[in-house]
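Chemist: Handing you a structure now.
The values are calculated or read from the model by the stated rules, or taken from the named source; none is laboratory data. In this text, all values refer to a predicted model and were calculated from it rather than measured experimentally. Every residue, glycine among them, receives a Cβ derived from its backbone with ideal geometry; neighbour counts consider all protein chains shown.
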Ligand SMILES: [Zn+2]
């Protein structure tokens, strides 16, 4: 997956920051889905089965489209040998299971970005 962002610019070609949030004002974002993955729609997708839940990835990429970055940390669970992400969120940097709805950390991050809009 990849995304492409373009920002508004002023007459001099400089990125604008109309809302003064120290981030350029996004004009549009495009999301590309890599056909090198084996996509499926499975809300209970399990790690490492070779398939990737399209709805989970679409939700994650839509989060980027709304200026949400990655968060959480990954670690190896010594008992299972598997990767665990904490806090668990759609916006974790890695895909290890199907997650088609936002979790608490996702909501908190989104509110952090947008709670004051358009007044900030
Ligand atoms: Zn991402």
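Chemist: Taking the condition assigned to a loop (DSSP other than H, G, I, E, B), in contact (Cβ under 8 Å) with a residue 12 or more places away in the chain and under 14 Å from the mean Cα position of the chain (by Cα), does residue 113 pass? Working first, answer last.
Modeler: Numbers: assigned to a loop (DSSP other than H, G, I, E, B): no; in contact (Cβ under 8 Å) with a residue 12 or more places away in the chain: yes; under 14 Å from the mean Cα position of the chain (by Cα): yes.
Criteria not met by residue 113.
Chemist: At pLDDT 90 or above and either surrounded by 12 or more Cβ atoms within 10 Å (Cβ to Cβ) or within 14 Å of the ligand (Cβ to nearest atom) (or both): which single residue out of 78, 14, 92 fits that description? Step through it out loud before you land on a result.
Modeler: Numbers: 78 fails: either surrounded by 12 or more Cβ atoms within 10 Å (Cβ to Cβ) or within 14 Å of the ligand (Cβ to nearest atom) (or both); 14 fails: either surrounded by 12 or more Cβ atoms within 10 Å (Cβ to Cβ) or within 14 Å of the ligand (Cβ to nearest atom) (or both).
Just a single option satisfies the conditions, and that option is 92.
Chemist: Within region 1-11, can you find the residues that are surrounded by 12 or more Cβ atoms within 10 Å (Cβ to Cβ) and in a loop (DSSP other than H, G, I, E, B)?
Modeler: Hits for region 1-11 are 1, 8.
Chemist: Could you check how many residues of region 5-48 are out of contact with any strand residue (DSSP E or B) (no Cβ under 9 Å at 6 or more places or on another chain) and within 30 Å of residue 76 (Cα to Cα)?
Modeler: Residues meeting the conditions: 4.
Chemist: Also, quick follow-up: Name the pairs: first residue in region 1-14 and within 21 Å of residue 34 (Cβ to Cβ), second residue at pLDDT below 95 and away from the ligand (no atom under 16 Å from the Cβ), Cβ to Cβ under 6 Å, at least 6 apart or on different chains?
Modeler: Listed by first residue and then by second, the contacts come to 6/27; 6/28.
Chemist: Here is a further query. Which of the residues belonging to region 17-50 are within 16 Å of the ligand (Cβ to nearest atom) and surrounded by 12 or more Cβ atoms within 10 Å (Cβ to Cβ)? Before the answer, list the steps.
Modeler: From region 17-50, those within 16 Å of the ligand (Cβ to nearest atom) are 26, 29-34, 37; that's our starting set.
Selection gives 26, 29, 31, 33, 37.
Chemist: Taking region 54-71, which residues are more than 10 Å from the ligand (Cβ to nearest atom) and part of a helix (DSSP H, G or I)?
Modeler: Matches in region 54-71: 54, 55, 56, 58, 59, 62, 65.
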